């Protein structure tokens with residue numbers, strides 16, 4: 001699978017170089033290559049089983065490819081996964097959250113794990129909850145949130161540390177129309 005890149009003159013932020021992955025000798029992705037420039041939005045489209053989530057897992061370092069490599073700002077991510085993981089925010093397909101925490105408490109937990117200073121963390125968490133229209137729910141248990149609200153908490157958590165790269169796996173799955181529009185607008189704003 002090859003992807004066209006409209007910003008070839010710009011240095012690549014992320015590059016997938018001939019990725020191959022198979023499970024039990026069955027290929028799941030074959031020769032996936034593309035370059036992504038800063039500010040560029042790239043999406044994978046395809047039917048179930050096409051290898052979209054497998055590719056995302058390789059990009060995030062959760063899975064090692066059988067062949068090929070992932071480069072971030074010109075460096076192979078496999079050489080320093082710790083540094084790479086500090087540079088991106090990730091929103092998985094399923095929102096596995098601590099449902100007994102409130103949205104604010106969850107963001108505080110994630111921010112502390114990322115090493116953010118308390119004052120900065122409080123400011124950013126509050127602003128992100130407001131931006132994502134969760135301000136009135138910030139003290140409510142996540143167990144009372146809809147799927148769209150849970151996705152928005154994950155998006156806020158992914159943005160807390162000002163990542164250079166955002167990675168989403170099936171970001172619109174199960175979301176209502178209003179949340180989809182909010183998500184698309186937010187992505188365009190962040191890319192700009």
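Per residue of the chain, the DSSP helices (runs of n ≥ 4 H) give a summed -39500 (n - 2.57) that works out to -11000 deg cm²/dmol at 222 nm. Specify the angular offset, from 0 to 90 degrees and rounded to the nearest 10, of the alpha carbon long axis of helix 147-159 from the longest principal axis of the alpha carbons in the chain. In the chain, helix 147-159 runs at an angle near 70 degrees to the longest axis. Our estimate of slack between residue 85 and residue 135, defined as 0.36 nm per intervening residue step minus the Cα-Cα distance, is 15.2 nm. Taking Cα Rg over 2.2 N^0.38 Å as calculated from this structure, the corresponding entry among [x] 0.99; [y] 1.15; [z] 1.07 is [z].
With springs connecting C-alpha atoms under 10 Å apart, model the chain as a Gaussian network and identify which of 158, 37, 125 has the largest mean-square fluctuation. With Cα springs under 10 Å in the chain, the top fluctuation among 158, 37, 125 is at 37. Kindly express, to the nearest 10 degrees and within the range 0 to 90, the angle between helix 103-113's C-alpha long axis and the longest C-alpha principal axis of the chain. Approximately 50 degrees, to the nearest 10. Axis of helix 177-191 versus longest Cα principal axis of the chain: the two differ by about 70°, to the nearest ten degrees. Largest GNM mean-square fluctuation across 133, 48, 66, computed for the chain with C-alpha springs under 10 Å, falls on 48.
Remark: spin-label model distance residue 122-residue 40 equals 4.2 nm, labels positioned 7 Å along the Cα→Cβ axis. On the beta carbon distance between residue 96 and residue 31, with R0 = 30 Å, the FRET formula returns roughly 0.40.
FYI, it's all coordinate maths here, none of it is from the lab. Small disclaimer: the values here were computed from a predicted structure and weren't measured. Here Cβ is always computed from backbone atoms with ideal geometry, including for glycine, and neighbour counts include all displayed protein chains.
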